[in-house]
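Since the structure comes first, as structure tokens, the remarks are kept for the end.
The values are calculated or read from the model by the stated rules, or taken from the named source; none is laboratory data. These figures come from a predicted structure and were not determined experimentally. All Cβ positions, even for glycine, are placed from backbone atoms using ideal geometry, and neighbour counts span all protein chains on display.
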Amino acid sequence: MAKIGRPRTERAASARIVQIKLRLYPGEDDDLMAFFDVIPERLRAVMVKRSLRSGIQGEENSDMDGDDEMLDILDELIF
């Protein structure tokens, strides 16, 4: 049976896959649950990477102003 779809790129062949499983608890993680609720599944990895980079850079290098800016970024990705 022939494979259907695009051939793998060199970039995809060298990608490292990191799987993360989170347990989010009501009352404790409501902000994170709301964050994931508004993100379509196909964009979750993009938003998680962006959030991680924002946190890694630290406050002085981060231009993120909270949830409103994250939602604006998500809107730009969707529309």
Check: Mind checking which residues of the range 33-68 are at pLDDT below 75 and either surrounded by 10 or more Cβ atoms within 10 Å (Cβ to Cβ) or under 9 Å from the mean Cα position of the chain (by Cα) (or both)?
Finding: Gln57, Ser62, Met64, Asp67
Check: Just checking, which of Ala2, Ala12 is more than 13 Å from the chain's Cα centre (by Cα) and modelled with pLDDT of 80 or more?
Finding: Ala12
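Residues checked against (1) surrounded by 10 or more Cβ atoms within 10 Å (Cβ to Cβ); (2) acidic (Asp, Glu); (3) free of Cβ contacts under 8 Å to residues at least 40 places away in the same chain:
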| position | (1), (2), (3) |
| --- | --- |
| Gly5 | no, no, yes |
| Glu10 | no, yes, yes |
| Ile17 | no, no, yes |
| Arg23 | no, no, yes |
| Asp29 | yes, yes, yes |
Item checked: Residue pairs meeting the criteria (Cβ under 6 Å; at least 6 apart or on separate chains; first closer than 14 Å to Asp75 by Cα, in the range 39-56; second part of a loop (DSSP other than H, G, I, E, B)) -> Met47/Ile39
Notebook entry, point to check: Could you count how many residues in the range 17-32 are within 16 Å of Arg44 (Cα to Cα) and outside any loop (DSSP other than H, G, I, E, B)?
Noted result: 2
